[in-house]
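To start, the structure itself, in structure tokens.
The values are calculated or read from the model by the stated rules, or taken from the named source; none is laboratory data. Predicted model, so just to flag it, every value in this text is computed and none were measured. Cβ coordinates were reconstructed from backbone atoms using ideal geometry, including for glycine residues, and neighbour counts include every protein chain displayed. Note: accessible area is taken over every heavy atom of the protein model, side chains too, but ligands, DNA and RNA are not part of it. Shrake-Rupley method; radii C 1.70, N 1.55, O 1.52, S 1.80 Å.
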There are 2 protein chains.
Amino acid sequence: MSAVTYGDHTKDVDDLELTKFAVPRDVESNQVLLKTLATPVNPSDLLLIRGVYGAFPPKVKLSETDPVVHVAGNEGVFEVSKVGTSIEGYSEGDWVILTSGRLGTWRTHVLVDFPSGGPEPLFKVKNAGEGGLKDIEGATLSVNPPTAYQLVHNYVKDWNSDGRDWIVQNAGGSHVGQFLTQFARMLNVNVLSVIRGGKPNHDEIVTELKSLGATAVITEDQAQSEEFRNHELRSIFNGGNVRLAINCLGGASATALFLMLSPDGAMVTYGALTNDPITYPSRWQQYNNLTTHGYFLTGNTKKNPQSKIDTLNAVLKLYKSGKLQVPPATLLEFKDGNLLELYLQVIKSGKKGIVKYI
Amino acid sequence: MSAVTYGDHTKDVDDLELTKFAVPRDVESNQVLLKTLATPVNPSDLLLIRGVYGAFPPKVKLSETDPVVHVAGNEGVFEVSKVGTSIEGYSEGDWVILTSGRLGTWRTHVLVDFPSGGPEPLFKVKNAGEGGLKDIEGATLSVNPPTAYQLVHNYVKDWNSDGRDWIVQNAGGSHVGQFLTQFARMLNVNVLSVIRGGKPNHDEIVTELKSLGATAVITEDQAQSEEFRNHELRSIFNGGNVRLAINCLGGASATALFLMLSPDGAMVTYGALTNDPITYPSRWQQYNNLTTHGYFLTGNTKKNPQSKIDTLNAVLKLYKSGKLQVPPATLLEFKDGNLLELYLQVIKSGKKGIVKYI
């Protein structure tokens with residue numbers, strides 16, 4: 001039984017440690033024992049390990065005899081292995097995710113305490129024996145798909161299904177961008193995805209995004225060119241209504257999206273990868289009645305926990321019906337051997353990956 | 001009977017002309033004859049004369065025998081003098097304003113055609129014999145008070161009356177700013193007004209704004225100082241909730257307002273006097289769930305004409321009850337003599353003024 005863990009003074013992923021621990025034979029009446037099925041490796045996992053968010057998540061006790069440690073990882077899907085006698089609603093074989101990222105997920109087993117009267121620490125994604133959900137879908141369920149789903153649904157409530165409404169987004173190749181494209185196309189809403197140009201596999205990326213549903217894919221250089229916006233882009237939109245701009249970058253990239261909006265449109269910022277401010281002309285906002293919003297999944301969920309649960313259920317339904325697909329990611333399998341080395345292999349590849357526990 | 005008029009190639013107020021015209025003895029069945037009571041001189045009147053808005057308003061026919069001309073002026077209050085036989089709802093002695101600024105108001109009389117089936121060209125502000133409304137109130141009714149009223153009421157619908165909610169605004173000394181202050185204080189909402197500093201009569205301006213209801217008045221230099229915002233300003237707000245920022249300037253002034261907002265607050269831009277863009281940090285918007293809007297009275301009224309009528313009625317009620325006051329303005333009286341010279345006197349003083357026709 002292994003976990004990827006770290007101490008208080010970790011500043012680099014090379015300080016990560018492998019901790020072995022014993023899994024209890026039996027659980028207490030208020031505990032559930034989980035076996036890990038799959039966990040992703042996200043950039044935010046590495047930021048958390050490096051303490052970039054100001055505070056580390058709380059330490060957890062892996063077993064009775066081992067010291068408390070931080071466990072790396074925030075997402076993952078688990079199979080219920082043992083259920084305490086006082087816990088209702090869970091059976092052996094159910095699939096669940098953790099409702100808080102604070103327990104750490106890069107480990108073979110998790111022993112979860114159900115606090116009396118507190119919020120449920122688990123969210124069930126599939127009943128024992130039920131089909132229709134892949135482990136990689138469950139593993140990556142809790143952050144990107146709900147973000148994308150809420151971005152599409154929270155700001156425009158009356159999408160037209162006539163095929164003339166548009167969403168424009170930068171970071172169109174990100175996982176959020178790829179989920180967003182799929183959700184939009186389910187509503188018959190067009191998507192213009194702006195991506196960084198100049199990559200050697202540019203054409204391949206464009207083909208991939210279009211296969212997920214993107215109506216058009218352009219580069220940042222094109223999006224930021226007034227000439228391009230006034231000509232090529234107009235003929236792409238073809239008189240359609242650009243109602244929503246989804247910004248994850250800031251700076252000139254955000255300005256370009258803002259200038260694409262049709263009257264009464266809205267720009268939503270859910271990330272600030274460039275760290276540059278948002279800038280746009282006052283009169284453009286005034287005369288076109290444009291609105292801007294900030295989006296923050298964690299903050300919204302804290303204010304209204306049910307909103308996240310409703311969103312997760314909507315996403316699960318789409319996965320189980322086969323309408324939604326996980327964007328491509330590197331898959332690695334862990335059976336036995338060194339769990340830490342496997343995670344380091346993903347991290348050092350610089351790519352997003354999913355570790356499957358088989 | 002005189003009017004201040006201009007031709008197609010006017011580029012300066014010195015090109016304004018005085019046109020004399022004959023007032024008809026009788027009106028047609030679909031006409032109303034108005035006598036002017038008072039008209040203001042606004043900066044936007046001069047912009048319109050100079051053709052800054054790209055197009056001049058349409059020409060009007062002052063009398064049967066005179067040529068068509070542009071008449072200057074956009075606002076004013078009038079007394080109904082003669083009513084055509086087919087027109088209902090108006091009596092001699094009623095006070096009215098023009099619902100469109102396109103007829104021009106700097107003139108002693110206006111002959112108004114009621115188009116069959118078209119929108120009413122007049123809005124009644126007071127019945128004949130009814131008291132409670134001054135001519136200077138009626139004359140300045142149609143732009144600034146509705147703007148200020150809608151800015152206070154359209155974006156925050158649930159103001160708390162506990163005295164802990166705040167509006168912050170730049171251009172706090174403008175007429176819109178002064179009306180806004182009065183409307184906010186009627187709801188027990190605090191107002192922080194930012195004004196340009198360094199004027200010789202600074203203390204007098206501050207006293208005047210506070211007497212209208214401003215909770216605090218600070219200068220642009222103070223508003224734009226991080227040091228000031230982090231200390232003095234915090235103690236002014238005293239833990240209150242800064243829910244609305246009203247921006248008429250853009251640039252650094254708008255950024256400063258944005259950074260004053262409490263979580264879930266909104267910034268509304270209704271003007272762009274500096275012509276500098278709006279700029280603010282992405283993450284500040286995201287983590288504080290801040291929204292920005294553009295406001296444009298003319299555009300909103302075009303979309304929903306009833307909204308303007310409802311607002312005018314709300315403002316009139318406040319005037320008639322004595323709760324609202326016109327911000328200080330220079331008053332000039334016209335009896336006979338040269339109407340043009342009187343308007344030029346106001347314009348060249350560089351101050352806002354109101355011409356009363358006695």
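Results, tabulated for the structure shown:
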item	result
With all protein chains modelled, accessible area of B:Lys308 [1.4 Å, Å²]	40
Percent antiparallel among DSSP beta bridges (both partners in chain A, rounded to 5)	55
Dipole of the range A:146-298, positive direction: furthest Cα of A:Asn275, A:Gln150, A:Thr219, with charges on the beta-carbon	A:Gln150
Shortest-first distances to equivalent copies, position B:Asp310, nm, label 7 Å out along Cβ	2.5
Kirkwood Rh, angstrom, chain B [1 / mean 1/r, Cα pairs]	21.8
Solvent-accessible surface ranking, highest first, for B:Phe183, A:Phe296 at 1.4 angstrom	A:Phe296, B:Phe183
Residues of type lysines that B:Lys351 reaches as a straight line, Cα spacing below 22 Å, ignoring anything fewer than 8 places off in the same chain	B:Lys11, B:Lys134, B:Lys199, B:Lys210, B:Lys335
Nearest 10 degrees, 0 to 90: helix A:202-212 Cα axis against chain A principal axis	80
For A:Leu46, inter-copy label distances in nm, listed shortest first [label point 7 Å out on the Cα-Cβ vector]	5.9
Heavy-atom accessible area order for A:Lys323, B:Lys302, largest first, 1.4 Å probe	B:Lys302, A:Lys323
Candidates per trypsin sites (Lys or Arg not before Pro) in the range A:142-228, loop by DSSP, up to 12 other Cβ within 10 Å	A:Lys157
Antiparallel content of DSSP bridges confined to the protein assembly as shown, in %, to 5	55
GNM flexibility winner over chain A from A:Gly172, A:Gly131, A:Gly76 (Cα, springs under 10 Å)	A:Gly131
Computed FRET value (nearest 0.05) for A:Val52 with A:Asn238, which takes r as the C-beta separation and R₀ as 51 Å	0.75
Estimated vicinal HN-Hα couplings, Hz - the range A:330-339 in sequence order (Karplus 6.51, -1.76, 1.60; Gly, Pro = x)	5, 10, 10, 10, 10, 10, 9, x, 9, 4
Nearest-20 debye value, the range A:1-44 charge dipole, Cβ charges on Lys, Arg, Asp, Glu	260
Accessible area of A:Val52 in the full protein assembly, 1.4 Å probe (Å², nearest 10)	90
Length added when fully stretched, B:Thr85-B:Gln345, from 0.36 nm per residue minus Cα-Cα	89.6 nm
Filtered GluC sites (Glu not before Pro), the range B:72-174: DSSP coil and at most 13 other beta carbons within 10 Å	B:Glu88, B:Glu92, B:Glu130
With all protein chains modelled, accessible area of B:Thr207 [1.4 Å, Å²]	90
Surface/4 estimate of mean projected area, convex hull on alpha-carbon atoms of the range A:146-298, nm²	8.6
Separation in nanometres of the label points that stand 7 Å from Cα toward Cβ, at B:Asp336 and A:Gln325	8.9
Sum of -39500 (n - 2.57) over DSSP H runs of 4+, divided by residues of chain B (222 nm, nearest 500)	-8000 deg cm²/dmol
A:Trp284, B:Trp159, B:Trp166, reordered so the largest accessible area comes first (probe 1.4 Å)	A:Trp284, B:Trp159, B:Trp166
Nearest-first distances (nm) between copies at B:Asp221, label 7 Å from Cα via Cβ	4.7
Where chymotrypsin sites (Phe, Trp or Tyr not before Pro) fall in DSSP loop in the range A:41-142, at most 15 other Cβ within 10 Å	A:Tyr53
Model label zone, B:Gln306; criterion: amide N under 19 Å from point 7 Å along Cα-to-beta-carbon; scope the range B:102-118	B:118
Added length on full extension, which subtracts the Cα-Cα distance from 0.36 nm per residue, B:Asp113 to B:Ala252	45.3 nm
The range B:133-209: proportion of alpha-carbon pairs further apart than 14 angstrom, %	64
Student exercise, chain B dipole from Lys, Arg, Asp, Glu Cβ charges, in Debye to nearest 20	460
Karplus 3J(HN,Hα) series, Hz, for the range B:296-307 with 6.51 cos²θ - 1.76 cosθ + 1.60 (x for Gly, Pro)	8, 3, 4, x, 5, 5, 4, 5, 9, x, 4, 4
Whole-Å semi-axes of the protein assembly as shown's equivalent ellipsoid (Cα gyration tensor)	63, 27, 23
